[in-house]
1. Can you name every residue in segment A:93-124 that is buried (at least 22 other Cβ atoms within 10 Å of the Cβ) and away from chain B (no Cβ under 14 Å)?
2. Does residue A:77 fit the bill of being assigned to a helix (DSSP H, G or I), over 17 Å from residue A:28 (Cβ atoms), at pLDDT 95 or above and away from chain B (no Cβ under 14 Å)?
3. Being in a loop (DSSP other than H, G, I, E, B) and within 10 Å of the chain's Cα centre (by Cα) is the filter here; which residues of segment A:122-136 pass it?
4. Does segment A:169-187 contain at least one residue that is surrounded by 13 or more Cβ atoms within 10 Å (Cβ to Cβ) and over 27 Å from residue A:58 (Cα atoms)?
5. Given the conditions (1) within 14 Å of chain B (Cβ to nearest Cβ); (2) surrounded by fewer than 13 Cβ atoms within 10 Å (Cβ to Cβ); (3) not in a helix (DSSP H, G or I), which single one is not true for residue A:82?
6. Which members of segment A:1-38 meet the condition of being more than 14 Å from the chain's Cα centre (by Cα) and either in a loop (DSSP other than H, G, I, E, B) or surrounded by fewer than 21 Cβ atoms within 10 Å (Cβ to Cβ) (or both)?
7. State all residues of segment A:45-58 that are part of a loop (DSSP other than H, G, I, E, B) and more than 8 Å from chain B (Cβ to nearest Cβ); if no residue qualifies, say none.
8. What's the total number of residues in segment A:147-162 that are without any contact (Cβ under 8 Å) to a residue 24 or more places away in the chain and surrounded by 15 or more Cβ atoms within 10 Å (Cβ to Cβ)?
């Protein structure tokens with residue numbers, strides 16, 4: 001729900017402020033790739049209505065966000081591709097593909113794609129964090145958006161702890177990816193929490 | 001080549 005909330009928060013921000021300054025479209029592009037790699041099973045296996053519905057919502061909303069930021073005025077007029085410049089193609093996609101192949105539990109296409117999507121998701125926030133570091137001042141809706149983006153994976157970790165003790169569930173790849181993903185947020189969370197605690201604007205060093 | 005990948009999480 002936190003993940004869904006972060007997407008809805010971003011959609012609301014884009015509609016309300018008609019601007020995507022401070023928002024990284026490259027991060028959304030990484031998430032679109034993550035979802036496409038991971039949700040291929042939409043076409044050949046059914047787990048639950050919830051599972052299928054959320055996959056469709058995540059894929060369609062992410063592509064819609066990219067469409068808004070890249071091609072739909074007035075939002076796209078405020079998108080600066082030279083500022084949002086983290087070259088994820090070679091820095092993130094390459095390593096995720098290699099790691100996905102090496103660490104897959106079995107060498108089948110769905111499993112390799114799923115594993116690569118876990119690694120890619122764990123670092124997909126980098127373009128967004130790097131963009132915010134350049135801008136330093138973080139507009140408050142953006143801060144909320146990034147905070148929920150960081151919080152959702154932490155709640156997965158809590159669920160994984162429950163599932164490990166309740167049903168012996170083991171997911172090494174997911175656990176490691178989730179720890180990396182949450183770890184990348186820790187310093188942002190610190191400045192976000194401080195800005196909330198002291199009621200000041202969020203300014204990154 | 002196409003089996004596997006059963007994961008029940010989003």
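1. Those that are buried (at least 22 other Cβ atoms within 10 Å of the Cβ) and away from chain B (no Cβ under 14 Å): A:96, A:119, A:120, A:122, A:124.
2. Numbers: assigned to a helix (DSSP H, G or I): yes; over 17 Å from residue A:28 (Cβ atoms): yes; at pLDDT 95 or above: yes; away from chain B (no Cβ under 14 Å): yes.
Against the criterion (assigned to a helix (DSSP H, G or I), over 17 Å from residue A:28 (Cβ atoms), at pLDDT 95 or above and away from chain B (no Cβ under 14 Å)), residue A:77 qualifies.
3. To start, the set of residues in segment A:122-136 that are in a loop (DSSP other than H, G, I, E, B) comprises A:124-125, A:136.
A:124, A:125, listed by residue number.
4. The answer is no, given that none of the residues of segment A:169-187 is surrounded by 13 or more Cβ atoms within 10 Å (Cβ to Cβ) and over 27 Å from residue A:58 (Cα atoms).
5. (1)
6. A:11, A:12, A:15, A:16, A:17, A:18, A:19, A:20, A:21, A:22
7. Step one: of segment A:45-58, the residues part of a loop (DSSP other than H, G, I, E, B) are A:45-48.
Scanning segment A:45-58 gives A:46, A:48.
8. The total comes to 2.
The values are calculated or read from the model by the stated rules, or taken from the named source; none is laboratory data. Owing to the predicted nature of the structure, the values given are computational and were not obtained by experimental measurement. Every residue, glycine among them, receives a Cβ derived from its backbone with ideal geometry; neighbour counts consider all protein chains shown.
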